[in-house]
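Participant: To start, I am sharing the structure in question, which I have written as C-alpha cells.
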Amino acid sequence: MAETLNSSETGGGRKFECAARRFLYIWEGPIRIIHWVNFFCIIILSFTGWYIHDPFITSTQHPYIMGNMRYVHYLTGVVFAVSFLARSYWLLNGEYYASWRMFPNPFDKKDRHTFWTFIRYYTFLSKDAPHILGHNPVAVVAYIGLYALFAFQILSGFALWSQADPGGSLYAATGWLFAIIGNQWVRWFHLLVMFLIGGFFINHLYSVVLFDFKSKSGEVSSIFSGWKPDRRD
Amino acid sequence: MGDFSDLLESHGVTRREFLKYCSALGAALALPLSMTAKIAEAIESDTRPPVIWLEFQDCAGDSESLLRANRPTVGDLVLDHISLDYHETIMAAAGHQAEASQQATVEKYKGKYICIVEGSIPTEAGGVYCTIGGRTAVDILKQVGGNAALIIAVGNCAAYGGLPAAHPNPTGAKGVSEILPGKTIINLPGCPMNVDNLTATVVHYLTFGAAPACDRHLRPLFAYGKRIHDNCERRAHFDAGQYVENWGDYGHRQGWCLYKMGCKGPETFHNCPTLRWNEGLSWPVMAGHGCVGCSEPLFFDAMMPMYRRLPNVPGFGVEASAVKIGTAIVGASAAIFAAHGAVTTARNWKKIGKAKAEAREEISHLNSDSDSEES
Ligand code: HEM
C-alpha cells in the first residue's frame, strides 16, 4: 500500500505552500529500475539494430565492427527480455499501480466514461480531465500496445537469432513464427517495429510533460523517485 | 535395367571411383563412412523403383540441371540408371505412345514408383493453363503423384509455386504440397535444384526405403538444414564490416561481403556454399553475386527487389520500404505532438499569463518582506 509523507511542515501560511496534502509512493523500485533498463536497452538496440540494417561504419575505422555490433545487440536483447519478464511478473503480482488491476474495464460504465473523458481531453474536445494517480486509461491502452510491440520484438529477435542453428532448442522454441510470417517479413517487421517504438517514444515524452504541467503532480520526477503528490481534491 | 557395373565400365568409371562417389554421397547425407557399402549395394541392386518425371509450368531448368554434365559422372549414371520411364523432355517416345507408357508404369508399380515433379501447377480457370495430352496438370498430378510411393518436387516452382506464382499469379500457380496435402513429398527447391541433392535424396530412398528427415517446408535437412550465411566463404567479411558498396568497387574485387548489395544469404537455407554447382566449381556468391533466395518458400515476391535485402510493400502506386514507412510514422507522430503542444499552449495562454503575474506579485511581496526584516 502507498506510503504517505506529510507535507504540512512545508506550510507557513504563505500562498506558495506545497499544494499537495501528502505524497504517495506510486512507482515501486523494481518498476523504476525496469523502466530505465528498458530505456537504455531500447536506445542500444535501436542504435546497433540500425547498424545491422545499414552498416554505416566500415572496417577501415573499426576491425570486426559488425561482429561487435551484433554481439551488443544480442546481449542487450537478452537483458531486455529479462526486463520484459520481470515487468510481466509485476503485472501479475505487483502492487496496484503496476498491475493489471488498474486496467480500465471495458464492461464497466464508469471506466468507459473516464476513458472517453481522456480521449476528449487529448483531442481538445474538453478542457479538463480528472486527476489520476498512476496511468490514465488512455495511457494504459498505449502501454498494452507497447507491451505487445516489445513481445513481438523479443520473439522475432530470438527467432532471427535462432536461424543460425535450426536444429537447436532456441529454434524449436521460436521458429514457429516463421510458419506464420516468412523470415523475410519477420525481419521486415523487426525493423518496422523499431520505428513504431520510436513513434511511441515521442508520444510518451510529450504526454508525460503535458500532464506534468496540467496536473502539477510531478509526473516527470515520479519515475526517478517513485513519489507523487496526492492532488485528488 | 542392365547390370550397373557394366554400365560404369562402359563409361570408363572404375570401381574405386564408384565407391569414392558413394562415400561422398554418404557425406552429403551426413551418414557415417560405414554406410558407404550399403549405399553402393542399394545403387547396384536391381530392385530400383521406376521414376516418372512430370513437367508442368516450368522452364525445364531442373531437367537441364539433371542433364548438364559435360562429362558423365557417376552421379549422372545413377540417375540415368534408375529407370526413368517418363520424362517429356528426354524420352524417345512421343504423343499417345508416351502417355501410354506413363499409364503402364502407374498401373504396374502402383504405390511403388517415385514421381518427380518439375514446374508449378496452375489452378485458375479449371487448370486450363497447363494441359498435356488433353488433361490438366492438376488432374495428372493427382493421378500420377497420388499413386506414387514418394513425390520429389524439384525446383522452386514445383515446391512452392516459384516464378509463375509471383504476384499477381495469373494462373493460380501452386506447389505440389498444396495440391496433394498429406502425401509424402520431398521438396528440393532452388532455381534450379542442385542435381547432387536429387541424387542424394534418391539414394537415401534406395538405401533406407524412406524419405530423409525434412524441415517444416519439407526440405531435406541434409541439404537445407544450414543457413547460407553461416557457411558462406565471405562470412568473415560480414562480421569484419567489409562490404561491397558498388558493383566492381574495391571491395567487390576483393571478394568482400555482399550484404549491402541485397544478398539474401542471412535468411536462406541451402547447401550451395558447401556443395556448390557444376561439379563443385562455384556458386553465386563465390561468383560475386548475392544470394537471391531461390530455395525459400518466399521466392519470388518477398525476395525482391533483388538488390535490396528486405522486401518492399506495394501500395498507393509506389513500393515502400520499411524505412520509408517507419520514417513516415515517426515524422507523423512528431508533427502531431508538436501541433498538440502548440494548441495546448495557445489554449492555456491566458492561464499561463495569469499564473506568471501572480508569481511575480508574490515574489515582489517576498522581496519587500525581507527588505523590511533587514531594515
Ligand atoms: C527494442 C527492441 C529492438 C529493436 C529496436 C531492434 C532493432 C533491430 C533492427 C533495426 C535490426 C535490423 C533489421 C534489418 O534491417 O534487417 C535488428 C536485427 C536483429 N535483431 Fe533486433 N531489435 C530489438 C530487439 C531484439 C531482441 C530482443 C533480439 C534478441 C536477442 C534481437 C535480435 C536481432 C537479430 C538476431 C537481428 C538480425 C541480425 C543479423 O542478421 O545478424 N533484437 N534489430
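The values are calculated or read from the model by the stated rules, or taken from the named source; none is laboratory data. If you're wondering where the values come from, they're calculated on a predicted model, not measured in any experiment. No Cβ is skipped: glycine too gets one built from the backbone with ideal geometry, and neighbour counts run over all protein chains shown.
Participant: Please give the number of the condition A:Ser46 fails out of (1) at pLDDT 85 or above; (2) away from the ligand (no atom under 16 Å from the Cβ).
Facilitator: Unmet condition: (2).
Participant: Any idea which residue in the range B:186-233 is farthest from the chain's Cα centre (by Cα), counting only those that are part of a strand (DSSP E or B) and within 14 Å of another protein chain (Cβ to nearest Cβ)?
Facilitator: B:Cys214
Participant: May I ask you to list the residues in the range A:166-180 that are more than 8 Å from chain B (Cβ to nearest Cβ) and more than 14 Å from the ligand (Cβ to nearest atom)?
Facilitator: Once the filter is applied, which keeps residues that are more than 8 Å from chain B (Cβ to nearest Cβ) and more than 14 Å from the ligand (Cβ to nearest atom), the range A:166-180 yields A:Ser169, A:Ala172, A:Trp176, A:Ile180.
Participant: Answer yes or no as to whether B:Ala339 is in a helix (DSSP H, G or I), within 28 Å of B:Ser177 (Cα to Cα) and among the hydrophobic types (A, V, I, L, M, F, W, C).
Facilitator: no
Participant: Output the qualifying pairs, or none if there are none: Cβ atoms under 7 angstrom, residues six or more apart or on different chains, first residue in the range A:34-54 and under 14 Å from A:Leu149 (Cβ atoms), second residue more than 7 Å from the ligand (Cβ to nearest atom) and aliphatic (A, V, I, L, M).
Facilitator: Filtered contacts from the range A:34-54: A:Cys41/A:Val79.
Participant: Now for a separate question. Hey, does the range B:290-302 have a residue that's among the hydrophobic types (A, V, I, L, M, F, W, C), closer than 25 Å to B:Ala28 by Cα, within 16 Å of the ligand (Cβ to nearest atom) and in contact with a Ser or Thr (Cβ under 6 Å, 6 or more places away or on another chain)?
Facilitator: Looking for residues that are among the hydrophobic types (A, V, I, L, M, F, W, C), closer than 25 Å to B:Ala28 by Cα, within 16 Å of the ligand (Cβ to nearest atom) and in contact with a Ser or Thr (Cβ under 6 Å, 6 or more places away or on another chain), one finds at least one in the range B:290-302, hence yes.
Participant: Separate question: Out of the residues in the range B:226-253 that are crowded, with 18+ Cβ neighbours inside 10 Å and of a type in the set (Phe, Trp, Tyr), state the one that is nearest to the ligand (Cβ to nearest atom).
Facilitator: So, considering only residues that are crowded, with 18+ Cβ neighbours inside 10 Å and of a type in the set (Phe, Trp, Tyr), the one nearest to the ligand (Cβ to nearest atom) is B:Phe238.
Participant: Continuing with this model, one more query. Among the residues of the range A:121-131, is there at least one that is in a loop (DSSP other than H, G, I, E, B), touching a Lys or Arg at 6+ places or on another chain (Cβ under 6 Å) and at pLDDT below 90?
Facilitator: yes
Participant: Another question, then. Is the range A:156-178 home to any residue that is part of a helix (DSSP H, G or I), closer than 26 Å to B:Pro311 by Cβ and in contact with a Pro (Cβ under 9 Å, 6 or more places away or on another chain)? Working first, answer last.
Facilitator: Residues of the range A:156-178 that are part of a helix (DSSP H, G or I), as a first pass: A:156-162, A:169-174, A:177-178.
After this cut, where a residue has to be closer than 26 Å to B:Pro311 by Cβ as well, the list is A:156-162, A:170-171, A:173-174, A:177-178.
Now narrow it down to the ones that are in contact with a Pro (Cβ under 9 Å, 6 or more places away or on another chain): A:160.
Checking the range A:156-178: at least one residue is part of a helix (DSSP H, G or I), closer than 26 Å to B:Pro311 by Cβ and in contact with a Pro (Cβ under 9 Å, 6 or more places away or on another chain).
Participant: List every residue pair whose Cβ atoms sit under 7 Å apart, with the two residues 6 or more apart in sequence or on different chains, where the first one lies in the range A:69-81 and is within 14 Å of chain B (Cβ to nearest Cβ) and the second, anywhere, is more than 6 Å from the ligand (Cβ to nearest atom).
Facilitator: Here the result reads A:Met69/A:Thr48; A:Met69/A:Tyr51; A:Val72/A:Ile44; A:Val72/A:Thr48; A:His73/A:Thr48, each pair linking the range A:69-81 to a residue that is more than 6 Å from the ligand (Cβ to nearest atom).
Participant: Also, I was wondering about something else. If A:Leu191 satisfies all but one of (1) at pLDDT below 95; (2) within 15 Å of the ligand (Cβ to nearest atom); (3) crowded, with 16+ Cβ neighbours inside 10 Å, what's the number of the condition it fails?
Facilitator: Condition (1) is where A:Leu191 drops out.
Participant: Among (1) buried (at least 18 other Cβ atoms within 10 Å of the Cβ); (2) within 16 Å of the ligand (Cβ to nearest atom); (3) farther than 23 Å from A:Ser156 by Cα, there is one condition A:Ser83 misses while meeting the rest; what is its number?
Facilitator: For A:Ser83, the exception is condition (3).
Participant: Filtering the range B:1-52 down to residues that are part of a loop (DSSP other than H, G, I, E, B) and among the β-branched types (Val, Ile, Thr), which residue is farthest from B:Glu107 (Cα to Cα)?
Facilitator: Checked the range B:1-52; the qualifying residue farthest from B:Glu107 (Cα to Cα) is B:Thr14.
Participant: Taking the condition of being within 9 Å of the ligand (Cβ to nearest atom) and surrounded by 17 or more Cβ atoms within 10 Å (Cβ to Cβ), how many residues in the range A:53-78 meet it?
Facilitator: Selection size over the range A:53-78: 6.
Participant: I would also like to ask the following. What tally of residues in the range B:260-284 results from selecting those that are closer than 27 Å to B:Leu25 by Cα and within 16 Å of the ligand (Cβ to nearest atom)?
Facilitator: Within the range B:260-284, residues that are closer than 27 Å to B:Leu25 by Cα and within 16 Å of the ligand (Cβ to nearest atom) number 5.
Participant: Also, I was wondering about something else. Only one residue in A:Arg231, A:Arg187 is at the interface with another protein chain (Cβ under 8 Å from one of its Cβ atoms) and basic (Lys, Arg), so which one is that?
Facilitator: A:Arg187
Participant: Looking at (1) in a helix (DSSP H, G or I); (2) more than 10 Å from the ligand (Cβ to nearest atom), which is the one condition that is false for A:Gly198?
Facilitator: Only one criterion is unmet by A:Gly198, namely (2).
Participant: On to the next question. Considering B:Thr327, B:Thr274, B:Thr344, which residue is in contact (Cβ under 8 Å) with a residue 12 or more places away in the chain, hydroxyl-bearing (Ser, Thr, Tyr) and not in a loop (DSSP other than H, G, I, E, B)?
Facilitator: Within the list B:Thr327, B:Thr274, B:Thr344, the selection yields B:Thr274.
Participant: Could you check the range B:237-259 and list, in sequence order, the residues that are touching a residue at least 24 places away in the same chain (Cβ under 8 Å) and within 8 Å of chain A (Cβ to nearest Cβ)?
Facilitator: B:Tyr259
Participant: Quickly run through the range A:190-220 and pick out the residues that are more than 26 Å from A:Ala129 (Cα to Cα) and facing chain B (nearest Cβ under 8 Å).
Facilitator: If the condition is that a residue be more than 26 Å from A:Ala129 (Cα to Cα) and facing chain B (nearest Cβ under 8 Å), then A:Leu191, A:Leu192, A:Met194, A:Phe195, A:Leu196, A:Gly198 are the ones that fit.
Participant: Could you go through the range A:201-214 and let me know if any residue there is farther than 23 Å from B:Ser333 by Cβ and free of Cβ contacts under 8 Å to residues at least 12 places away in the same chain.
Facilitator: no
Participant: Determine which member of the set B:Leu188, B:Leu180 is without any contact (Cβ under 8 Å) to a residue 60 or more places away in the chain and closer than 21 Å to B:Leu221 by Cβ. First the steps, then the outcome.
Facilitator: Details: B:Leu180 fails: closer than 21 Å to B:Leu221 by Cβ.
Only one candidate qualifies: B:Leu188.
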